[in-house]
Structure formats: structure tokens, C-alpha cells
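Please read the structure below before turning to the comments.
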Amino acid sequence: MRTPDNPGISPPNKPNAPLGKDGLNTPTRKNVPVTDKGSKGSKHHDFDRNTISSTLDSDDMLHSEDSANTTGIGLVHGGDGLLDYVDAMTNHIADCLMVDTLDLTLSNVPSINRADLKRAYGQIDDNNELVGDSDWAKGSLQSPHGKQSLRVRYVQKTKQLTVEGSPAMHYQGQNVVSSGDVTMLSYMMFRAVNKQLRVDLPIQVGYEIANGRLAEVTRIDVVLLLRVPDGVMKSALINALAIAGIQAGNNISLYVNESVYFDQNSQTESQKLYDKAAQLGHARKGGLPDVEGVELLNDLNEKTIRLEAVFRTRKLVQVAKQHGSRPHPCVFTPKVLAKMVKDLLYKYSSHDQIFRRLDYKQLRAIALPYRSTVAHWQNDMCLEDMVISDRVLKEHAAYIWNNHRINIKGPSPDSMHVPMSLYDILSPKNFIPVPPDIRNSPVLFHEEDMDSNRSSIQRRLIQE
């Protein structure tokens, strides 16, 4: 039984700083504060393939991110076992998730060695002299297999160093699989930049980054592998998900047979589902690197589609604020990311008409007089005949949406037939972790012992 307050989760009774050799090498005397510059996001190109778009006016159903009881979990369901089950599902997502793209900023960096940042820019005055503090430089790194993996930019005026890209691509030569440890991945990115571009970051900066502090995250792409049901073609599944998303009232863009985007132009959060094997087939520089075990990656791509959740600056700042922090890497643990993904899945699965009927116990959990309104709605009655005025109906609609995520303005569960819903496919139980034979291969999956790295840096700090 799926209910509006618990999308994608079946009730419990259902079966269903690198330093020295590591890269950072000169001491500093003090830590520096970090400031947020925000993000304008990236531009989006026009679609050059078959595209379907859908927009639903949500009217007064829009709600605040800070409103109380937004998840609804525990408000409609009863029983002590449910919250434990929901927590288990969050843990399952945390075990399955990977992080691909990371955008990081390091502020208040007085200067760096820019000799290896190949492209430099600046403003020239009438005397052909560089205007003070107007210069900036950028560079990039490639994986051992020749694919661009990381981009670097330093702006003298703002004293901000930015590193963007995929650490998995840089260290593994592919991003089919990756770690979900944001602190570790951030450290790996800055270490690679410091070693290969010799920007000479201070040793204390390296220690802070190794602990997930100082740098700030401006974008995280979280990836989950979604098992393709037996007997279903990936192309048919992707197209069906687009249709289900439109039926659920989402803004959808479909590249037929290959990928479906939810809220593609959002500057807060969005998601897409796509066929990684098809994407690699279109890659300009070919598919996967020719390494030992690559057949395991190919097999994984054939059996799954990928769900990619993109979180940008505004969302990351908001989540970090809830934890009393700036958006440092240490905030975004796998458990925190799992909750963010679960909330995003809920957001896209619970719009408009993709609902199941509430049973007696679930109805009883809704406060009066709103309980009666929900009961009338799910029995396909005319709500205008059941309340005293349009104003009261509007008040009920807002309360029921904000507290239980039920849109009584949409069609009732009894009035529709849904052959496939986002809930049926995007249930957390359908996500799979990185298979052990891939995770245990140092060629296919790169991880580092961060306790050892931190200890090494700390010893060097003491020595200096």
C-alpha cells in the first residue's frame, strides 16, 4: 500500500591536504573564514532531439521548505514498526548511493602558484598594463585514460579557488561506479589539483579539507542504480517513467528511449533517469577504458538505469543550515544525502494523481475536520457539497497538502487507472549497491583510508 505521505516505501508487513607526497606542502598560521558567493547555475542548451515537456500550475499547493511536518511520515501511518522501516529504507539508500560530480569552492586563498594554470585572463588599461586584481586563471586535469576529469579556476579579486568535476572519472577513468563519501572525494580532488597543477596550498588547508571543513560544496550529483524489472526493456521503462511523471504533474523533458529529466532547469534540485550504456555509446571519446574487469561494468550498465539527483547551492545551503553549518563536505554524509534523495523522490512521486486509497487506520490519523474532507475526496464525492464554503475548502486543501501531501484538487484514487506509477519503479527497494566484485577491485573502484591520510597530515603539522 502506497500512501501520499510515504511514497516509494511499502509498509513493514509487505514482502515487498594531501601533504608533501600527498600534495599540500607549505605551512600556514591560521584558519580563514569561508563566505558563500552563491551560484548562478549552468546554462541549458536547447533540445536537439525528440522532447516532451509538461507544466502543471500548482496554484496554492506550493509550500515552504521550512513548513512543519512536510514529510508526513508518522502522521498518516500508525505503529512503532513503521518509523524503523522508514529509517531502514534511508539506510539502504545511503548504502547504495554514489557521488559523481562535485563542485567545490575554497575562499580567502591569498595567492596560489598559477604557473601550471595554462589559461590566464585579466583587464588591461590604456597603457597596456594589467589592472590590479583583475586577473584570473583556469586549468584542467585529465584522467590517466585521457578524459577531462577536473576543472580549476582561481580569481585573484575574490581570492577564490574553484574545483569542479568527477573524482571518480579522474582516479578510475570512468564514473559508472563511485564512492558516496563527500569528504573523501573532496580531499582527493584538491590533492590532485595541488599535486598536478602545483598550486601550493598550505598544509593547514590540507588538514581542514581532509576533515571535510573549510571548502564549501556548490553542487553534488548523487547517483543510484535502479534495477530494471525482468522482461522490461530499458527504453520502454524510461519512456513509461516520463509518462508517469507527466501524469504526476511534474515538469518533464524526455529524450526518447534514453533519458528523462525532472525539472531540468531548476537551480535548486532536479533529477534525471537515463541509460548509461546508451550514453557511453554516444560518447565522443568512446566508452569505458580497456582495463581488467571492464566487463563487470558493462554488465552492470545493461541491467540498470541510473537515477541522478542534482543538488545545487541553494538546496545545499538550506540543508547545511539545518545542521548549524555552512555547506562543508563533512555535512553531506551518506545518511544526509540519502534523506535528500528520499525527499526528492517523494516530491516527484506524490504530485497530483499518483495516490493509493487510505485505509481506516490511516484516515483516523488525520485530524478532524480534515479527515472527513479526505474521506469524501477519495470516495470521489463533490467536495463543494461537503463543506460550508469555498474559503473553508481552500483552507482544508492547504492544510491537507502541507501536512499530508494529498492534493484534494486532483482526481480521487477511485477515478483513475494508473498502469505504472513512479512509486512502483522508484521504490527504494529497487535500488542496488555497487556489486562486491566491482567494489573490491582497486582498478574499478577507488577508495582511500581517510583516517590514515589525516594522521599523516597531522604528523607533518606537528613536525613543522
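Every number in this text was worked out from the coordinates using simple rules, so none of it is lab data. What you see is a predicted model; the values in this text were computed from it and never measured. Here the Cβ is made from the backbone with ideal geometry for all residues, glycine too, and neighbour counts use every protein chain on show.
Among 243-249, 453-459, how do they line up by average Cβ neighbours within 10 Å per residue, starting with the highest? Could the numbers behind the result be given before it?
Values: 243-249: 21.9, 453-459: 17.1.
With the highest mean Cβ count within 10 Å placed first, the list reads 243-249, 453-459.
Charges only on Cβ, +1 for Lys and Arg, -1 for Asp and Glu: so what's the dipole of segment 288-379 about the Cα centre, in debye to the nearest 20? Don't jump to the answer; show the numbers that get you there.
Values: 16 positive and 9 negative charges, 202 e Å.
So the dipole magnitude of segment 288-379 works out to roughly 980 debye.
Ordered by packing density, taken as the mean number of other Cβ atoms within 10 Å over each peptide's residues, highest first, how do 339-345, 177-183 rank? Let's see the in-between values first.
Numbers: 339-345: 20.6, 177-183: 22.6.
Taking the mean over residues of other Cβ atoms within 10 Å, the ranking is 177-183, 339-345.
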Review point. Distance in nm between label sites at THR158 and SER111, each 7 Å beyond Cα in the beta-carbon direction?
Key: 2.2 nm
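Suppose R0 equals 35 Å. What FRET efficiency, 1/(1 + (r/R0)^6) with r the Cβ-Cβ distance, do LEU296 and ASP230 give to the nearest 0.05?
Working: r = 20 Å, r/R0 = 0.58.
For R0 = 35 Å, the calculated efficiency reads 0.95.
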Revision key, fill the gap. For the ASP437, ASP380 Cβ pair and Förster radius 45 Å, calculated FRET efficiency rounded to 0.05 is 0.30
Study note, to complete from the structure: With +1 on the Cβ of every Lys and Arg and -1 on the Cβ of every Asp and Glu, the dipole magnitude of segment 148-269 about its Cα centre, in debye rounded to the nearest 20, is 500 debye
Exercise for review: Compute the length gained on full extension between GLN196 and GLN322: take 0.36 nm times their separation in residues and subtract their Cα-Cα distance, giving the result in nm to one decimal.
Suggested key: 41.7 nm
Practice item. Arrange CYS382, CYS96 by Cβ neighbour counts within 10 Å, fewest through most, would you? Key: CYS382, CYS96
Check your understanding: Using the Karplus equation 6.51 cos²θ - 1.76 cosθ + 1.60 (θ = phi - 60°), what ³J(HN,Hα) coupling, rounded to whole Hz, does each residue of segment 173-183 give in order, writing x for Gly and Pro?
Key -> x, 7, 10, 4, 10, 6, 6, x, 8, 5, 4
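Summing +1 for each Lys or Arg and -1 for each Asp or Glu, what net charge is found among the other residues whose Cβ lies under 15 Å from the Cβ of MET386? List each step's numbers first, then the result.
Details: positive: ARG371, ARG391, LYS394, LYS409; negative: ASP380, GLU384, ASP385, ASP390, GLU395.
Combined, the nearby Lys, Arg, Asp and Glu give -1.
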**Study point:** Where chymotrypsin sites (Phe, Trp or Tyr not before Pro) fall in DSSP loop in segment 150-193, at most 15 other Cβ within 10 Å
**Key:** none
Review point. Gain in length, ASN265 to ASP390, computed as 0.36 nm per residue apart minus the alpha-carbon separation, to one decimal in nm?
Key: 41.5 nm
Check your understanding: Within the set LYS157/LYS195; LYS339/LYS429; LYS335/LYS429; LYS234/LYS272, which residue pairs have Cα atoms separated by over 18 Å?
Key -> LYS157/LYS195
